[in-house]
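Please treat every number below as a calculation from the coordinates, not as lab data. What you see is a predicted model, and the numbers here were worked out from it, not measured in a lab. We place every Cβ from the backbone using ideal geometry, glycine too, and count neighbours over all the protein chains shown.
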Amino acid sequence: MSGSEEQATIKDLDSVESGTSLWQDAWNRLKKNRLAMFGLCVVSFMIIIALLTPWIAPYSYFEQNLDLGATPPDADHWLGTDTLGRDLLTRIMYGSRISLMVGFLATAVALTIGVLWGTVSGFFGGRVDAFMMRTVDILYALPFTIFIILLMVVFGRNILLLFMAIGAVEWLTMARIVRGQVLSIRQQEYIDAAITMGLPKAQIMWRHVIPNTLGTIIIYATLTIPNVILLESFLSFLGLGVQPPQSSWGLLISYGVETMEEYPWLLFFPALVLSLTLFSLNFLGDGLRDALDPKASRD
Amino acid sequence: MLKFILKRLLQAIPVLLIVITITFALIHAAPGGPFSAERAVPPEVIEALNAQYNLDDPAYVQYFIYLKNIVRGDFGPSFKYTGRSVTEIIAAGMPVTFELGFYAIMIALTLGISAGVIASLKPNTIQDYIPMSLAMTGICLPTFVLGPMMVLVFAIWLDWLPVSGWGYIPGDKILPALTLGFAYAAYIARLSRGGMLEILSQDFIRTARAKGLKTATIVTRHALRGGMQPVVSFMGPALAGLLSGSFVVETIFQIPGMGRYFVQAAFNRDYTLILGTTVFFASLIILFNLLADIVTVWLNPRLRDNSNSGN
Amino acid sequence: MSLLSVKDLHIHFHTRNGLVKAVNGVNFELNKGETLGIVGESGSGKTVCCYSLLGLLPSPPARIESGSASFEGKDLLHMPEEELRDIRGNRIAMIFQDPMTSLNPYMKLGAQLIEPLTIHSDISKDEARKRAIAAMQEVGIPEPERRIDCYPHEFSGGMRQRVMIAMALVTEPDILIADEPTTALDVTVQAQILDLIKKLQDKHDIAVIFISHDLGVIAGCADKIIVMHQGDIVESGTTDEIFYKTSHDYTKKLLNAIPTSGKPAAASLDTNKGQEPFFSIDQLQTNYDIRDGSFFGNGKKEIHKAVDNVSLELVEGETLGLVGESGCGKSTIAKSIMRLVNISSGKITLDGKTISSLEGEELKRARGDFQMVFQDPYASLNPRMTVYDSLAEALNTQSNIDKSALLDRVVNLMTDVGLPAQAIRKYPHEFSGGQRQRIAIARALALQPRLLIADEPVSALDVTIQAQILDLLLKLIQKYRITMIFISHDLSVVRYLTDRTAVMYQGKIVEYGETEEIFNKPKHKYTQALLSAIPIADPDKERSRERIIFSPE
């Protein structure tokens, strides 16, 4: 490489214009989406509260006050108390620890298995792909909700088991999505370009394939969390999730339903918190989809 | 086409086998048998009962006996409901669950598709925002929240409709069907909006407009068929999900359907009933997925044509 | 009075990212039976302008700010929707660029063809069907009675465009708007479609507005032309005025951007006859298994010979043009050489090394010697890597260069391809198509290849940009004495650029020789047909020439 007339060597690195990466672009787009930012704020707030609960909770979650009984919201108990005189706000705060933890951990399990499975399947293609995807197809046909119910009944209500089980269901969708994404990235000419340069396979996957699937993965992770929270609440509602005196939103709602005629706030507040969380996560997921999907960014 | 259906039905066999095996293994791994709950029963009686239901055989023997019976369409007798066979219980609960599911899906399709199509015609306007916010609400209000809330408002406070039941009092079917249908209406609305937006941005829609067609004609004749594809492929899993959703709805409204039997069977360790309902649900899911695939192909002439050359 | 008169048309797009003035004051008149050509590059506003006439612009964001378009005394731009619908598809019909997507894949052709008739008149279904069959006959679709019940996917691109034309003309409109109707088609099919439009226009006395980016296509069919650039009309006049008395610089640039076939190949080196071949392909065969992967497929295998017994030889520093229409196997040859697909048999040799039999590490090391520039500059760069990262990775692949030297090398590459060195921290999406292709070329050159394969490197770019990229390529391969295989469907580009040409048809090379010889005295019937189909940007020549139709067997 010699003989260029104008030796434009950069002596002064300050003259280099900085570029905006797609991540920065996406963040700028997300910031403009008010609903998504609202979602992000609510979710962050919930997480902080859930983490700090043992120190900031106004009462203990199991301490009963039978003399008090169920009282409507007042200055002492902002969200009222339940039939055993326990503070509802405290119970919801502790419930959020369980619900959010199951949501995030199960999604993490799903994400880990799904991304690995999908990337390998999509990148290697051929027989490996056929085998791995056929496996997913077969697993898809299994009635997982039923299995989870059975699992809970058979082995007792165990949170660890619960999020393993939920994660084991949700990874299937993740694997399919990631594989689809990897397949389409493989078709891109920049992958051919990387191969023709003689780059090792691992480097191609690490530098060229995975960074380009991250957007999709983030979007679906955000949308999987509410699904998982919903599933846990559904199980707890049926009486198959966490065990009292621990609380989760589903369990609180299920108690609320029993007494909703007399003490409607016992149903109303847990339902509101659950719905608000689901709303926020879904709005955030939708917003991320708009921000990270270059197709949507075209006006 | 016929060949494809046969192939898919054959593929269903290993899936069902896996289902049976996992369920069987799970139940047998569980501590305690079905009769251990009744404390007052003397040991001899339990032994007799165990012998009657082959429970004293090694697990693999029970497994093969069970498989052999299933092939003959016999799911065995229920452990808890003495004198009734699992097949009878399923046959009794099935029509109820199906009826509930049918109403729910009709509500879901009608509400969902119309909301989705209306929203897709003017994206990012008020005509889009209102139905889509409603849909988001539907997704974020799970059946076990929506159901009780509706009961509270329409049955208890307003006293317009019955609180629970199925076919006892006129109008008692409305709330359960709405509850179950609404969540799916929300998903369908979002999917139809997406599908329609995709199709409406295609070149051939521009061609139709250039011909001088009215918007209504463009939607019904040119766009709907392609735009509904995401909805159709969602219907397979949705119908399956509807069944598990019916667990909740049947529990809330005390409806004597399959879902309620299943939840109770699980709590009661009613082995044969659990196995029976699980196999039955699994077969239904396979069947619905197959139907959804067939409709997808029927809607898309390209795929239909490939099938002919394939045979 | 003219049939259609557009006056002072202004159209703006109010987008999230600000105001785009798409059309600024367009005026034209169209008389009965006349053809108006509108020429311009992408973003010139030519399509927007015509869509607005039929109310086809999405609004918002598009807004017609001012102007009028009077058709028989009525203003198309300001009439009620119902009235406009009566005109749309009835009095003014339109055909579009991509026949593959412009027909509804879910509906039978018959149903789509009779639609314009049934909505614009009280004709019975049977009668409409008869007229549709007659229209199909007229556009040259064989067996119309049977074909009318087919679905679009059963037709080839050219046939679909014929259906589109039949559908537009079935109501016997006064004006036909043709929006790049041949851009998506192969050159021989393009010639047939152009001839067909002309024939039908004369027969039915229809006025045509012909939109194209290709002056060659316009030259043969337009009576008058307007040239548009960024929303403005830069020049308008009769066809002869535009071509022979060009006044505006932009038009001149457009005309010069088309490498005219008469121009001697600028790249011509002394052909080193008798030298040992530097690069050779010997009886190459590449098969694709077509597995019936369709929905109901049974997984049966079929073998498609994408490249069928191809042999080629090149002397060092020579440039070979590989031409042929879509699906002829030219890209598969490129991928076979690059070892991106497995070859079935044959041998590929580069500078004495048999690259077709290398494996593993050996292959990875050898890869630096042969590099490729891909077709789509939007897909060939990793969107998540900066230019610096992309180029540094390429530089580092075959050798280890320390950090400080790396920066200098990257800057040198940027200078080589004419990009500012300050831009190295930017991401691909911040560059235009032409600039991205420059980056892609820089990346290929980073490995200091001996052989460069360019697979349609300019076909995704605007004409004026094409010329710049081609000149850059020429300059660089001469500077670094690189042997090049240039793949293209565009014959004039190949003639401009290459020393030798191979013409491909259905996986085989049908003619191979010195470029000038092939262009002046084509021997094979297919080459002759191909050459006679290239549009020439010279109205006199275009009007008087005869097409040769090639039909295998």
| query | Which one of A:73, A:236, A:153 is farthest out on the positive end of the charge dipole of chain A, using unit charges on Cβ (Lys, Arg +1; Asp, Glu -1) and the Cα centre as origin? | reply | A:153
| request: Express the relative contact order of chain C as a whole percentage, based on alpha carbon pairs under 8 Å and six or more residues apart in sequence. | output: 15
| Classify chain B: rounded, prolate or oblate, from the alpha-carbon gyration tensor (a ≥ b ≥ c, eigenvalue square roots; a/c under 1.5 rounded; otherwise prolate if a/b is larger than b/c)? | oblate
| Top positive-direction residue, dipole computed over chain A with Cβ charges, set A:98, A:224, A:109 | A:109
| remark: Given unit charges at Cβ for Lys, Arg (+) and Asp, Glu (-), the dipole magnitude of the protein assembly as shown about its Cα centre in debye, nearest 20, is 1160
| note | Shielding of C:378-387 by other chains, given as the mean Cβ count within 10 Å, works out to 6
| message | Counting other beta carbons within 10 Å of each residue's own, what order do B:174, C:87 fall into, fewest first? | response | B:174, C:87
| request: Anything over 31 Å Cα to Cα? Flag those among B:7/C:125; B:122/C:46; B:122/C:108; C:108/C:330; B:122/C:130; A:32/B:122, in the order listed. | output: B:7/C:125; C:108/C:330; B:122/C:130
| query | Shape call for region B:119-188 from the C-alpha gyration tensor, a ≥ b ≥ c root eigenvalues: rounded (a/c under 1.5), prolate (a/b greater than b/c) or oblate? | reply | prolate
| note | Taking Cα atoms only, helix B:271-299 is inclined relative to the longest principal axis of chain B by an angle, in degrees rounded to 10, of 20
| Cβ-based exposure ranking for A:37, C:372, in which fewest neighbours within 10 Å come first | A:37, C:372
| Which percentage, to the nearest 5, of the DSSP beta bridges contained in chain C is antiparallel? | 55
| task | Quick one: of B:214/C:7; C:21/C:74; C:253/C:426; B:211/C:74; C:74/C:203, which pairs are farther than 21 Å apart, Cα to Cα? | result | B:214/C:7; C:21/C:74; C:253/C:426; C:74/C:203
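Could the peptides A:67-79, A:179-191, C:510-522 be put in order, highest first, of the mean number of other beta-carbon atoms found within 10 Å of their residues?
Details: A:67-79: 13.7, A:179-191: 19.2, C:510-522: 17.2.
Highest-to-lowest ranking by the protection proxy: A:179-191, C:510-522, A:67-79.
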| field | Cα Rg over Rh - region B:89-256, Kirkwood | value | 1.07
| task | Using only the Cα atoms of chain C, construct the convex hull and provide its projected area averaged over every direction, in square nanometres to one decimal. | result | 28.8
| note | Mean other chain Cβ within 10 Å across C:420-426 is 5
| task | Determine the shielding of peptide C:47-54 by partner chains: average, over its residues, the number of Cβ atoms on other chains within 10 angstrom of each Cβ. | result | 1
| task | List the chymotrypsin sites (Phe, Trp or Tyr not before Pro) within region C:72-173 that fall in a DSSP loop (any state other than H, G, I, E or B) and whose Cβ has at most 14 other Cβ atoms within 10 Å. | result | none
| message | Please give me, ordered by residue number, the GluC sites (Glu not before Pro) of region A:216-299 that lie in loop per DSSP and have at most 10 other Cβ atoms within 10 Å. | response | A:262
| remark: Quick calc, region B:89-256, dipole around Cα centre from Cβ unit charges on Lys, Arg (+) and Asp, Glu (-), nearest 20 debye, gives 880
| said: If you filter region C:1-90 for GluC sites (Glu not before Pro), then keep DSSP loop positions with at most 13 other Cβ within 10 Å, what is left? | reply: C:72
| field | 0 to 90° range, to nearest 10: angle between helix B:174-200 axis and chain B longest Cα axis | value | 40
| Given chain B, longest segment not containing exposed loop trypsin sites (Lys or Arg not before Pro) (DSSP; at most 16 other Cβ within 10 Å) | B:85-213
| query | Per residue of the protein assembly as shown, what 222 nm ellipticity follows from adding -39500 (n - 2.57) for every DSSP H run with n ≥ 4, rounded to the nearest 500? | reply | -17500 deg cm²/dmol
| task | With everything on Cα atoms, drop me the angle between helix A:265-292 and the longest principal axis of chain A, reported from 0 to 90° to the nearest 10. | result | 0
| Dipole of the protein assembly as shown, positive direction: furthest Cα of C:182, B:58, A:252, with charges on the beta-carbon | B:58
